[in-house]
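Asker: Dropping the structure in here first, questions after.
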There are 6 protein chains.
Amino acid sequence: MDKATYDRGLQIRKDVLGNEFVDKAIASADDFNRPMQDLTTEYCWGYVWGREALSRKTRSMLNLAMISALNRPHELKMHVKGALVNGVTRDEIREIFMQVAIYCGVPAGVDSFRIAREAFAEVDKEQKV
Amino acid sequence: MDKATYDRGLQIRKDVLGNEFVDKAIASADDFNRPMQDLTTEYCWGYVWGREALSRKTRSMLNLAMISALNRPHELKMHVKGALVNGVTRDEIREIFMQVAIYCGVPAGVDSFRIAREAFAEVDKEQKV
Amino acid sequence: MDKATYDRGLQIRKDVLGNEFVDKAIASADDFNRPMQDLTTEYCWGYVWGREALSRKTRSMLNLAMISALNRPHELKMHVKGALVNGVTRDEIREIFMQVAIYCGVPAGVDSFRIAREAFAEVDKEQKV
Amino acid sequence: MDKATYDRGLQIRKDVLGNEFVDKAIASADDFNRPMQDLTTEYCWGYVWGREALSRKTRSMLNLAMISALNRPHELKMHVKGALVNGVTRDEIREIFMQVAIYCGVPAGVDSFRIAREAFAEVDKEQKV
Amino acid sequence: MDKATYDRGLQIRKDVLGNEFVDKAIASADDFNRPMQDLTTEYCWGYVWGREALSRKTRSMLNLAMISALNRPHELKMHVKGALVNGVTRDEIREIFMQVAIYCGVPAGVDSFRIAREAFAEVDKEQKV
Amino acid sequence: MDKATYDRGLQIRKDVLGNEFVDKAIASADDFNRPMQDLTTEYCWGYVWGREALSRKTRSMLNLAMISALNRPHELKMHVKGALVNGVTRDEIREIFMQVAIYCGVPAGVDSFRIAREAFAEVDKEQKV
């Protein structure tokens, strides 16, 4: 493990997904999934998200497109929320998912729109509290 | 068909992929694939690329990520070239494909890097002529 | 937008998925997903389903095969119900999904059979009311 | 092995793909791939294609849609040729692949059109000889 | 049908997934899905799992990797439980899913870890009863 | 970068893919793809392949199954050769790809068998020299 990369990753992960979410994920880790948590924090969030040649906003946009194509609804919802944090507007998210509909097919587009609406509703509810 | 959408699509398609490429595609169309050419020009390039809420540069970046995930090498090479036209730098393409490697897996990343290098070599050769 | 194509698409969409379902989808649309609703109605249901070279029954059969391969359970369930409306029998649906099991793999086949059984149960329940 | 199923499968496979193609495949089998050849002949061509609830023409159409979605160009080209043998017209193949473009995305549609044109060219050349 | 292959398949299926699970699946089969049950038992469990060149433990490990890549959560959970029966340890399952994260991408890895934890919890609960 | 992990990765990568192959890959790296080479060496070969809970033979077997499912022929051929180095026999490769045919579908199985035969032919040719 490269501690500097891990620490940078942990900070970015918290910035994007929220302190509470990440603290909870780490606290609930056990011997089974801790190595996966570490891998994700160091390589995904530290090594790649930590590179400066693309803004966080751009990385979020790429993720919405890619994770739609990959058909992973849990991760997609989380990254819709992260995208809002990184400054992607709801109008931009609509445009991304219309482009998904063209390139990945209408069912992919429909699924991603439904997940975005669920994510928005959850965010709106949290913000009211 | 909506003629205004088609015409806008044809112009964008030519701007991104080059007049010569598009003229040749249209000239070589026959009764079998002409309806598909029309659908693509109107629906993909006119209706979606023609929307102004995302820049062409951003749309190109999304396509590189999505088409890597979709595993379509012919289309990917064409869109690497289009991305250069739309102002995506080679350094940004590298960053996109490193993010692909993390989210879509290392084999997807390796394939996309190879295709990008082929596209760059073809572009460099054309520009020398 | 080409109004004739949109209107033809809206009619076909209602014929296949039911007036109630489509009216509800349109009524619940907001600024975020209305452009996606329009895109789907015009291009998917109007431009492609509206072409006469394949019967609606055949298009439904193709969709069951494709959407199984694409692994999109929400859309698959909706299209199982639409297929029954378009005259695909339950025996034919079984045959399609056995072919899915061979070409897309046993897990795809098993998932599609489960979704079909859920769709049938919902249809049977609605018809009892 | 169920010999009746195997024999029925071998006959259907030859009917669809041609005696010459199948004889060559079987003759070139070695200890490594013979068990796979047997599995395919019995399970795919005998057990499923041998069921009578769908016509061979319908099965070919389903395969063109599914194998496009699965992104398997070698198999797709072979099944385009088989579809022609089973009475699917070139116009119907165009319609199937336009539906592919909508549901699986434009890159899938473009790839399938290109492969179909290659298959048609090979068939036309063979028929001239 | 080859009765010996079917019977071998039924036995292996019960060994791996449990008598109760398989008896229930067979008892709940109707005319719609019985042919699919038969296909799966004979070809998947009898014809392929019945071959002796790989151990059941190895076959389970391959399935965890493949079904993660195929993105089929229902089947994956079932095969996580089957893998434990076949002697794959929880530590080995962790390693498989970390390799999944590398080759299929982080979202695939995250999803598979979550499903494994659900499967473990269900197994632990059953064993307490 | 964690140098120990990178160095371990470089060694494993050379052990599995051959010194010549890896030296050539590194020598031909340029500013564009060097960061991807580094990521792959450290993260894929060092961090994950370097974990000792699974043997290299088992990791190779998992890769053959996964990369077949992922439909990446270049990477698959390379890993077929690597699997032979890691002690997977040709008979075992056949069994893996028959299991692929059942779980990922017959076209995936057929493609993987073809690629394996190409890999074997190249290995046999090199060994004659």
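The values are calculated or read from the model by the stated rules, or taken from the named source; none is laboratory data. Because the structure is predicted, anything quoted here is derived from the model rather than measured. Every residue, glycine as well, gets a Cβ built from its backbone with ideal geometry; the counts of neighbours run over all protein chains shown. These area figures cover heavy atoms from the full protein model, side chains too; ligands, DNA and RNA do not enter into them. Shrake-Rupley method; radii C 1.70, N 1.55, O 1.52, S 1.80 Å.
Asker: How far apart are the C:K125 label points across copies, placing each 7 Å from Cα toward Cβ, in nm, shortest first?
Answerer: Distances between equivalent label points, in nm: 2.2, 2.2, 5.7, 6.1, 6.1.
Asker: Another one. For the stretch F:27-41, what does the Karplus curve 6.51 cos²θ - 1.76 cosθ + 1.60, with θ = phi - 60°, yield as ³J(HN,Hα) per residue in whole Hz, taken in order and with x for Gly and Pro?
Answerer: 5, 8, 5, 10, 4, 5, 9, 4, x, 6, 4, 5, 4, 5, 5
Asker: Same structure, new question: GNM, chain D, Cα, under 10 Å: largest mean-square fluctuation among D:D31, D:D91, D:D111?
Answerer: Largest GNM mean-square fluctuation: D:D31.
Asker: Output ³J(HN,Hα) for the stretch E:84-99: one whole-Hz value per residue in order, computed from phi by the Karplus curve 6.51 cos²θ - 1.76 cosθ + 1.60 with θ = phi - 60°, and x for Gly and Pro.
Answerer: Couplings: 4, 4, 7, x, 6, 7, 5, 5, 5, 4, 4, 5, 4, 6, 6, 5 Hz.
Asker: Now for a separate question. Determine the dipole magnitude for the protein assembly as shown: charges of +1 sit on the beta-carbon of Lys and Arg, -1 on that of Asp and Glu, nothing else is charged, the reference point is the Cα centre, and the result goes in debye to the nearest 20.
Answerer: It works out to roughly 0 debye.
Asker: Next question, about the same structure. At a 1.4 Å probe, what is the % contribution of carbon and sulfur to the accessible area of the protein assembly as shown?
Answerer: Roughly 51 percent of what the probe reaches on the protein assembly as shown is carbon or sulfur.
Asker: Another question about this same structure. Expressed as a fraction of 2.2 N^0.38 Å, the rule-of-thumb size for a compact globular protein of N residues, what is the C-alpha radius of gyration of the stretch B:17-83?
Answerer: Relative to the rule-of-thumb radius for its length, the stretch B:17-83 sits at 1.17.
Asker: What are the label-to-label distances in nm, one decimal and shortest first, from D:G87 to the same spot in the other copies, with labels 7 Å along Cα to Cβ?
Answerer: Inter-copy label distances (nm, one decimal, shortest first): 1.6, 5.4, 5.7, 5.7, 6.2.
Asker: Checking the cross-link filter: which aspartates and glutamates have an alpha carbon closer than 15 Å to that of C:K3, excluding same-chain neighbours under 8 positions apart?
Answerer: Here the aspartates and glutamates satisfying the reach criterion relative to C:K3 are B:D2, B:E42, C:D38, C:E42.
Asker: At 1.4 Å probe size, what's the solvent-accessible area of A:C104? Round to the nearest 10 Å².
Answerer: Spelled out: A:C104, probe radius 1.4 Å, area about 10 Å².
Asker: Turning to a different aspect of this structure: In whole Å, what is the distance between the alpha-carbon centres of the stretch E:73-107 and the stretch E:12-69?
Answerer: The stretch E:73-107 and the stretch E:12-69 have Cα centres separated by 17 Å.
Asker: In deg cm²/dmol and to the nearest 500, what is the mean residue ellipticity at 222 nm of chain D if only DSSP H runs of at least 4 residues count, each as -39500 (n - 2.57), divided by the residue total?
Answerer: Calculated from helices alone, the mean residue ellipticity at 222 nm is -24000 deg cm²/dmol.
Asker: To confirm my reading of the symmetry, which residue of chain D has the Cβ nearest the axis that brings D onto E, and what whole-Å distance does it have?
Answerer: D:D2, 2
Asker: Something else about it: Suppose every Lys and Arg Cβ carries +1 and every Asp and Glu Cβ carries -1, with no other charges. What dipole size does the stretch A:71-129 come out with about its Cα centre, to the nearest 20 debye?
Answerer: Dipole magnitude for the stretch A:71-129 comes out near 120 debye.
Asker: OK, next. Pairs to check: C:K81/E:K24; A:K57/A:K77; E:K57/F:K14. Give those whose C-alpha atoms are more than 18 Å from each other in this structure.
Answerer: C:K81/E:K24; E:K57/F:K14
Asker: Taking the Cβ of C:L54 as the centre, find all other residues whose Cβ is under 14 Å away and add up their charges (Lys, Arg: +1; Asp, Glu: -1).
Answerer: So the surrounding residues net to +3.
Asker: When the label point is put 7 Å from the Cα of E:A25 along its Cα-to-beta-carbon vector, which residues of the stretch C:92-115 have a backbone N closer than 14 Å?
Answerer: Residues passing the 14 Å test: C:106-114.
Asker: Can you give the accessible area buried between chains D and F, summed over both chains, with a 1.4 Å probe, in Å² to the nearest 100?
Answerer: Approximately 1700 Å² gets buried when D meets F.
Asker: May I have the extent of the alpha carbons of the protein assembly as shown along their three principal axes, as whole Å values ordered from largest to smallest?
Answerer: 65, 64, 63
Asker: In nm, what does the list of distances from F:D7 to its counterparts in the other copies look like, shortest first, when each label sits 7 Å along Cα to Cβ?
Answerer: Counterpart label points of F:D7 in the remaining copies fall at 2.3, 6.1, 6.8, 6.8, 7.6 nm.
Asker: Report, in debye and to the nearest 20, how large the dipole of the stretch B:24-129 comes out about its Cα centre when Lys and Arg carry +1 and Asp and Glu carry -1 on their Cβ.
Answerer: In debye, rounded to 20, the stretch B:24-129 gives about 240.
Asker: If you average over every viewing direction, what projected area does the convex hull of the Cα atoms of chain E give, in nm²?
Answerer: 8.5
Asker: Could I ask something else about it? What accessible area per residue comes out for chain F, rounded to a whole number of Å², with a 1.4 Å probe?
Answerer: Per residue, chain F has 39 Å² of solvent-accessible surface.
Asker: Could you work out the mean count of beta carbons from other protein chains within 10 Å of each residue's beta carbon in E:91-98?
Answerer: Neighbouring Cβ atoms belonging to other protein chains average 6 per residue here.
Asker: Report which residues of the stretch A:68-86 become buried by 20 Å² or more of accessible surface when going from the isolated chain to the complete set of protein chains (1.4 Å probe; DNA, RNA and ligands ignored).
Answerer: Output list: A:A69, A:L70, A:N71, A:R72, A:H74, A:E75.
Asker: Could you give me the ³J(HN,Hα) list for the stretch E:107-122, computed from phi with Karplus coefficients 6.51, -1.76, 1.60 and θ = phi - 60°, whole Hz, x at Gly and Pro?
Answerer: x, 4, x, 4, 4, 5, 4, 4, 5, 4, 5, 5, 5, 4, 4, 5
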